[in-house]
Amino acid sequence: MEASTADAAAAAAGGEAEGPLFTLELSQDQKDIRDWVHGFAADVMRPAAHEWDEKEATPWPIIQEAAKIGLYGFEGLAQFFGDPSGLLLPIVNEELFWGDAGIGMAIMGTSLAVAAIFGQGTGEQIGEWIPRCFGTPDDVKVAAFCASEPNAGSDVSNVRTRAKFDEATNEWVLNGQKAWATNGGIADVHVVIATVDPELGSRGHAAFVVPMSEAKGISQGTKVSKHGLRASHTADVFLDDCRIPAGNVLGGKEKLDERLARVREGKRGKAQAAMQTFEASRPTVGAQAIGIARAAYEYALDYAKEREQFGRKIIENQAIAFALADMKMEIDAARLLVWRASWMGRAGHRFENAEGSMSKLKAGEVAVWATERAIQILGGNGYTREYPVERWHRDAKIYTIFEGTSEIQRLVISRAISGMHIR
């Protein structure tokens, strides 16, 4: 379309043409926040990354530092999420996880529970529980989202944790075991996915807020010793006749009863609780994987420009230079998929072709591939813990597994593009 034609089209639509209709240029505010987060990642997270990976412990001092500057907390997350383009939250996550994925998850792990409360809770529940997920800069707290179980990972419809309503006490009684819960057992607020009506399968699920300090019958099980993300706490959570008030079901009991009644009548219900949360969070998770991949690429590039073998810099060999070129290309391609999905989600566009799953799938697989290439470029040095690329490789692997494995993402995409129930 020629410029004059574009101007005419804009005028016909009721406005003057002012610059390009499409741009990937970030606003000054987005750039400033990106640089601010990058500074924290470079100056605070990276120097501490190896220590906390070796400790396999929650880096409370660093979470507190993030809280003091406004990086960890409800107001900060609301600002990132409220960006009208939808890009600021993935930008922030990419920078944090460029700093260190384990510490990054310790800081951002709370956001999954927050997303569930914000997406499914009433206004009153949002106001009551989201601030408690973070605590205060002087007394920081974390939150946990508890969906997976020993026999319900990718198959979220197989959740066996049961929530029964006790009319006599006006309480919900929860029983079951949750697995792989980020911040499980150490969180002040746990959001627990449980089945209210097992006969309805995943459509009979609901999300419940369980405050650790008030509810009896909730306890931490075994802490998981992980391959990567070792600065982030992961554990089982046990619910043994755990009683919570009737109002602690997200969305309210009245709406839950109405929804279950519609489903029992054969009418269509909303997306089930766990998948609704994961669908919204997938592009952000993809951004985290991109941060890890970018860290590995940048490190390998600098190394290749300095390392000499056979009388020349190793980047002067096509095998190395082409590998780095491919790494850069794949990382940028993955970021564009993440940004597209993030923009679509913020603008209210449906993921007709599973664009959220595409972004997470591509980013996760690129992260694993790019970090492996970085190890290869560093050679023997890349295999040692004296260099960070082996840690980044360990951290990257989970991104092809959690919040939907690569196989599940491909299943979601294939169903979306075909309109068929592929199994």
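For the reader, a short list of remarks on this structure follows.
- Residue match in the range 139-152 (condition: assigned to a helix (DSSP H, G or I) and not aliphatic (A, V, I, L, M)): no
- Contacts under 9 angstrom Cβ, first residue in the range 378-392 being over 15 Å from VAL368 (Cβ atoms), partner hydroxyl-bearing (Ser, Thr, Tyr) and in a helix (DSSP H, G or I), 6 or more apart: LEU378/TYR299; LEU378/TYR303; ASN381/TYR303; TYR387/TYR299; TYR387/TYR303; PRO388/TYR299
Matching residues to (1) in contact (Cβ under 8 Å) with a residue 40 or more places away in the chain; (2) polar (S, T, N, Q); (3) assigned by TED's automatic domain parsing to the domain that holds ARG132:
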position	(1), (2), (3)
VAL196	yes, no, no
SER202	yes, yes, no
LEU229	yes, no, no
HIS233	yes, no, no
GLY252	yes, no, no
GLU258	no, no, no
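- Checking each residue in the range 378-421 for being surrounded by fewer than 22 Cβ atoms within 10 Å (Cβ to Cβ), within 26 Å of ALA147 (Cβ to Cβ) and aromatic (Phe, Trp, Tyr) picks out only PHE402.
- Here ALA367 qualifies as within 30 Å of ARG415 (Cβ to Cβ) and either among the polar types (S, T, N, Q) or in the same structural domain as THR400 (by TED's automatic domain parsing) (or both).
- Just one of the listed residues (ILE91, ILE103) is touching a residue at least 12 places away in the same chain (Cβ under 8 Å), within 20 Å of THR58 (Cβ to Cβ) and in a helix (DSSP H, G or I), and it is ILE103.
- Of the residues making up the range 345-367, those that are surrounded by fewer than 23 Cβ atoms within 10 Å (Cβ to Cβ) and among the aliphatic types (A, V, I, L, M) number 2.
- Some residue of the range 346-354 being in a helix (DSSP H, G or I) and among the polar types (S, T, N, Q): no
- Of LEU301, LEU337, LEU324, all but one fail to be in the same structural domain as ILE413 (by TED's automatic domain parsing) and under 16 Å from the mean Cα position of the chain (by Cα); the exception is LEU337.
- Complete set of residues in the range 212-241 that are of a type in the set (A, V, I, L, M, F, W, C), closer than 21 Å to LYS397 by Cα and not in a strand (DSSP E or B): VAL224, LEU229, ALA231
- The range 185-211: number of residues that are outside any strand (DSSP E or B) and more than 18 Å from ALA106 (Cα to Cα): 9
- Members of the range 202-235 that are modelled with pLDDT under 95 and loosely packed, with under 15 Cβ neighbours inside 10 Å: SER213, GLU214, LYS216, THR222
The values are calculated or read from the model by the stated rules, or taken from the named source; none is laboratory data. Predicted, not measured: the structure shown is a model, and the values here were computed from it. Here the Cβ is made from the backbone with ideal geometry for all residues, glycine too, and neighbour counts use every protein chain on show.
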